[in-house]
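Trainee: My questions all concern the structure below.
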Amino acid sequence: MSEKYIPLHQLPIGKTARVKELVCDGNIRRRMLDLGLIHETKIEALQKSPSGDPTAYYIRGAVIALRSEEASKILVKM
Amino acid sequence: MGLTAQSTGTGILKQSFDFDFDLQNNIIIALAGNPNVGKSTVFNGLTGLNQHTGNWPGKTVTNAHGKYVHRNKTFIMVDLPGTYSLMANSVEEEIARDFICYGNPHATVVVTDATCLERNLNLVLQTLEITNKVVVCVNLMDEAKRKKIHINIQELSKQLGVPVIPTNARNHVGLKELMDAVYDITNNNVATHPIQVKYPSVIEHAIQIIEPTIRELVKHKISSRWVALRLLDGEHDTIRSINQYLGYDLLKNQQVSMKLSEALQYLDAHGINSDKFRDMIVSELIHTAENICNHAITFENTKYNEFDRKIDRIVTSKLFGIPIMLSLLAIIFWITIAGANIPSEMISAFLFWLEEHFSNLFIKLGAPSWLHDILVLGMYRTLAWVISVMLPPMAIFFPLFTLLEDLGYLPRVAFNLDNFFKKACAHGKQALTMCMGFGCNAAGVIGCRIIDSPRERLIAIITNNFVPCNGRFPTLIAMAAIFIGSTMTNSIAGSVLSSLVLTAVVLLGIIVSLIISKILSKTLLKGLPSSFTLELPPYRKPQIGRIIVRSIFDRTLFVLGRAVAVAAPAGLVIWMMANIYINDLSILSHCAGFLNPFAQLIGLDGYILMAFILGLPANEIVIPIAIMSYMASGSLMELDNLTELKNLLISNGWTWLTGICVMLFSLCHFPCGTTLWTIKKETQSLKWAIISLCIPTVTGIVICFVVTTVVRLLGLV
């Protein structure tokens, strides 16, 4: 497995990764924290919407759709 | 810009606190919870108030409040907007937080979802930091059971230190126990020992520096620990609201500001800045929730969500997602069109049978004939028409639509369509407010409160009118059936074709609203799409009986009642316009004659355009007005079926092009009076209400003009 962090939107569908870093601040960061996206949170890419974006992720028992703009600000490690 | 913080944030807030509570004799209960946990169902179960509930996040758009009596005491329950947190990242969170903090409720009930408890505990823990008068309601226990999730309620209550009540609000299970618990806690019958989230020692130390000073100042008015955390976090809005509540500026107090800078310096020395601080706070809340759940919950089947995922993989798949969505819509239309005919004819036969008796009664009483004409031929006939044409399709369409809503399908629609909205620089939740618009555009406009960004909310408000509301469906259905469906000899094929056309019309409405959104975000409302997260809630087993009752009472009768209230006086006015003559021509004909040259350009005629204008109070009465205008007698004839209606229209020069243009103009024209008034109220600005009036009207005129010109140039008519 790769040692490097990847942005969440590059996580292949069906794969699980752990949150390593949020590269954003202010309101967007708060929102992501509200979703439970803290360090080491497990996150699974479930599927893309018909047109390829947004993508649904499984986060702490909930299914959350994130646009690629937001997902790219979440660095994860597979 | 009309949409200022005053009008959208605190403005709404002040409005929503403006309750006339009798504080002496009533007990006030705040009802909080994450979105989509059945909070409104709990609220309805307790208060009997029929707030419409749906399986999508963010349904409570205004603070509803209701009463219930338990053990001879009156409780007033305030339904707060669904939020994940109280850290005030959105208007909803602000409203919820402010009510819990400063509304001085005697107790707060936090409703949680048994199938997703860990995530819900975040809000519970945050609430417990503010107040210890909390009852936790674990709702949807039946869903948890179905998914084989076992929750140890006693352990949970022990861990949290407050009463925990399991409920299944949809079946009224546990609500009595919930009321008992609320009663006990407000009467101080039970002592609570709420869990205190222990933050990392650095933060705890910083709290220690500042909290004693704050405690001395604020006494018991508000939790000093909570205030200390907010000050350290530097949340300006929260601090401002605290100051407002206290009536003085905390930071102006020398002691406080001295201690605060000391604490901040301490944090800084340990490498903790504002973002880091927030991360640590949230992380600790989440870890605490995790820890509690590890003690209190066991999952018998870790793949409990697999079924939902399977459905999602189909209904949002690349290949089938959008076709399934359109087919569902077409099927709903088909059932509505095919099913509405027979009851429609029966109701109409009954109402006109009743009319004869009314007429006889007037004759018997010796009433003057003009009074009979006005009341029976004017008012009653219009009413009868509106009821017989509108009631059956609504009674079929609404339950079907509510079924989709109840299942949890609508957020999937938003998921499927989001990319298009993103490309239009609009908010993803606009797909949801659009769906609300199907019922009623005014409701859709209010629903736009779920969008945080003022720019995107305005776009959603202005374009909401492009989805046909229920008042316009009868017009669209009638036109589709008359001018398209009836071209088929087979009646089933006809209704299938009509429903396909309707689907196409709705699709066109969505496309137009996307285009207009895009244009708006490039011109009047420049900006980039804001961040967007959408929860796809678990599918829920719909409750058929309840859906039927709810959609008939909450929606069908409401819309019908409004139509009747508007149609009766409108019938009167139109009858007079059609029967008062100036120079051998009725007033109506004069107006129609004036409008006719322009109306012809867009494929309509003067009477139809006049009907649209007179239909401003309610779209439902557009077709009845047009029909009435065509009648030589100036009153509505008995229309037993669509064939007669078709004959009448054709004899007045209608072609299939007229039918199409009526549909297009019905889709794109000024919103009804109620919607306009709602827009003005929601945006606090006449300007945006006028813009919302002009944009769809101009769009409709342009579309109809282009279609008419092309068809005529090609010689198709």
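Trainee: Exposure proxy check: B:GLU235, B:GLU93 ranked by fewest other beta carbons within 10 Å?
Mentor: B:GLU235, B:GLU93
Trainee: For helix B:381-407, report the angle its Cα long axis makes with the longest principal axis of the Cα atoms of chain B; keep it between 0 and 90° and round to the nearest 10°.
Mentor: Result, in degrees: 40.
Trainee: Right, another one. Could you compute the FRET efficiency for B:ILE342 and B:GLU155, with r as their C-beta to C-beta distance and R0 at 60 Å, rounded to 0.05?
Mentor: 0.55
Trainee: Mind checking the mean number of beta-carbon atoms from other chains within 10 Å of the Cβ atoms in A:33-46?
Mentor: Partner-chain Cβ atoms within 10 Å, mean over residues of A:33-46: 5.
Trainee: If you put +1 on each Lys and Arg Cβ and -1 on each Asp and Glu Cβ, how big is the dipole of chain B around its Cα centre, in Debye rounded to 20?
Mentor: 640
Trainee: In debye to the nearest 20, how big a dipole does the stretch B:454-611 give about its Cα centre with +1 on each Lys and Arg Cβ and -1 on each Asp and Glu Cβ? Don't skip to the answer; put the middle values down first.
Mentor: Numbers: 12 positive and 5 negative charges, 165 e Å.
Roughly 800 debye, rounded to the nearest 20.
Trainee: Work out the FRET efficiency for B:LEU217 and B:HIS590 from their Cβ-Cβ distance, taking R0 = 51 Å, and round it to the nearest 0.05.
Mentor: That gives a FRET efficiency of 0.10.
Trainee: What fraction of the Cα pairs in the stretch B:418-547, stated in percent, has a spacing above 17 angstrom? Numbers along the way, then the final one.
Mentor: Values: 5321 of 8385 pairs.
Of all Cα-Cα pairs in the stretch B:418-547, 63 percent lie more than 17 Å apart.
Trainee: Roughly what angle does helix B:430-439 make with the longest principal axis of chain B, taking Cα atoms, 0 to 90 degrees, to the nearest 10?
Mentor: Here the helix axis deviates by roughly 50 degrees.
Trainee: Please work out the FRET efficiency for the pair A:LYS20 and B:TYR245, using the Cβ-Cβ distance as r and a Förster radius of 56 Å; give the result to the nearest 0.05.
Mentor: With a Förster radius of 56 Å, E is 0.90.
Trainee: Here is a follow-up. Considering only C-alpha atoms, what is the centroid distance from the stretch B:653-717 to the stretch B:140-202, in Å?
Mentor: Taking the Cα centre of each part, the stretch B:653-717 and the stretch B:140-202 sit 53 Å apart.
Trainee: Which links in B:LYS148/B:LYS176; A:LYS42/B:LYS276; A:LYS42/B:LYS541; A:LYS77/B:LYS147; B:LYS429/B:LYS522 stretch past 23 Å when you go from one Cα to the other?
Mentor: B:LYS148/B:LYS176; A:LYS42/B:LYS541; A:LYS77/B:LYS147
Trainee: Pairs to check: B:LYS518/B:LYS680; B:LYS73/B:LYS221; B:LYS518/B:LYS681; A:LYS15/B:LYS518; B:LYS252/B:LYS680; B:LYS67/B:LYS219. Give those whose C-alpha atoms are more than 28 Å from each other in this structure.
Mentor: A:LYS15/B:LYS518; B:LYS252/B:LYS680; B:LYS67/B:LYS219
Trainee: So what are the ³J(HN,Hα) numbers for the stretch B:701-713, from phi and the Karplus equation (6.51, -1.76, 1.60; θ = phi - 60°), rounded to whole Hz, Gly and Pro as x?
Mentor: Using θ = phi - 60°, the values come out as 4, 4, 4, 5, 4, 4, 4, 4, 4, 4, 4, 5, 5 Hz.
Trainee: Okay, next question. How do B:69-81, B:483-495, B:408-420 rank on mean C-beta neighbours within 10 Å, highest first?
Mentor: In descending order of packing, they fall as B:408-420, B:69-81, B:483-495.
Trainee: Over chain A, how many percent of alpha carbon pairs lie in each 10 Å bin up to the one with the longest distance?
Mentor: That works out to 21, 59, 20, 0, in percent per bin.
Trainee: How crowded by other chains is B:316-324, given as the mean number of beta carbons from other chains within 10 Å of each beta carbon?
Mentor: On the way: counts 7, 4, 6, 1, 1, 5, 3, 1, 1.
That works out to 3 on average.
Trainee: In µm²/s, what is D for chain B at 4 °C and 1.567 mPa s, where D = kT/(6 pi eta Rh) by Stokes-Einstein and Rh is the Kirkwood radius from Cα pairs?
Mentor: Diffusion coefficient, whole number: 46 µm²/s.
Trainee: What does the helix-only formula give at 222 nm for the protein assembly as shown: each DSSP H stretch with n ≥ 4 adding -39500 (n - 2.57), the total divided by the residues, and the result rounded to the nearest 500 deg cm²/dmol?
Mentor: Values: 34 runs with 457 residues, N = 795.
Using -39500 (n - 2.57) per qualifying helix, the result is -18500 deg cm²/dmol.
Trainee: Normalise the Cα radius of gyration of the stretch B:605-717 by 2.2 N^0.38 Å (N = residues in it) and let me know the number.
Mentor: Scaled against compact globular proteins, the figure is 1.21.
Trainee: Further question on the same structure: Measure nothing but the geometry: give the 0 to 90° angle between the long axis through the Cα atoms of B:236-246 and the longest principal axis through the Cα atoms of chain B, rounded to 10°.
Mentor: 80
Trainee: Please give the per residue volume of the convex hull enclosing the alpha carbon atoms of the stretch B:585-626, rounded to a whole number of Å³.
Mentor: About 61 Å³ per residue, rounded to a whole number.
Trainee: Oh, and also: For the stretch B:245-363, what value does the Rg/Rh ratio take when both radii are computed over Cα atoms and Rh is the Kirkwood radius, given to two decimals?
Mentor: 1.42
Trainee: How much length, in nm to one decimal, is gained on full extension between B:ILE548 and B:ALA191, taken as 0.36 nm per residue of separation minus their Cα-Cα distance?
Mentor: Numbers: separation 357, 0.36 × 357 = 128.52 nm, distance 4.31 nm.
Answer, rounded to one decimal: 124.2 nm.
Trainee: Now for a separate question. Given bins 10 angstrom wide, list per bin the percent of all Cα-Cα distances in the stretch B:173-214, short to long.
Mentor: In whole percents, the pair-distance histogram is 23, 27, 20, 24, 6.
Trainee: Over the alpha carbons of the stretch B:436-505, what is the largest minus smallest coordinate on each principal axis, giving the biggest first in Å?
Mentor: The Cα atoms of the stretch B:436-505 stretch 51, 17, 14 Å along the principal axes, largest first.
Trainee: Turning to a different aspect of this structure: Across the stretch B:371-420, how large is the tail of the calculated P(r) beyond 13 Å, expressed as a percent of all Cα pairs?
Mentor: Cα-Cα pairs in the stretch B:371-420 separated by more than 13 Å: 70 percent.
Trainee: Also, I was wondering about something else. Among B:ALA30, B:ALA367, B:ALA480, whose Cα lies farthest out toward the positive end of the dipole of chain B, if unit charges sit on the beta carbon of Lys, Arg (+1) and Asp, Glu (-1)?
Mentor: So the residue we want is B:ALA480.
Trainee: At a threshold of 8 angstrom on Cα-Cα distance, excluding pairs fewer than six apart, so keeping six or more, what relative contact order does chain B reach in percent?
Mentor: On the way: 1086 pairs, mean separation 88.0, N = 717.
About 12 percent, as a whole number.
Trainee: Just checking the output field for B:417-423: average partner chain Cβ neighbours within 10 Å of each residue's Cβ?
Mentor: 4
Trainee: Send over the per residue convex hull volume for the protein assembly as shown, Cα only, as a whole number of Å³.
Mentor: Value for the protein assembly as shown: 187 Å³ per residue.
Trainee: In addition: Quick one: of the DSSP bridges fully inside chain B, what percent are antiparallel, nearest 5? Working shown, then result.
Mentor: Details: 13 of 33 bridges.
Here the antiparallel bridges make up roughly 40 percent for chain B.
Each reported figure results from applying straightforward, stated rules to the coordinates on display, with no laboratory input. Bear in mind the structure is a predicted one, so any value in this text is a computation, not a measurement. Positions of Cβ are generated from backbone atoms using ideal geometry, with glycine treated the same way; all protein chains shown enter the neighbour counts.
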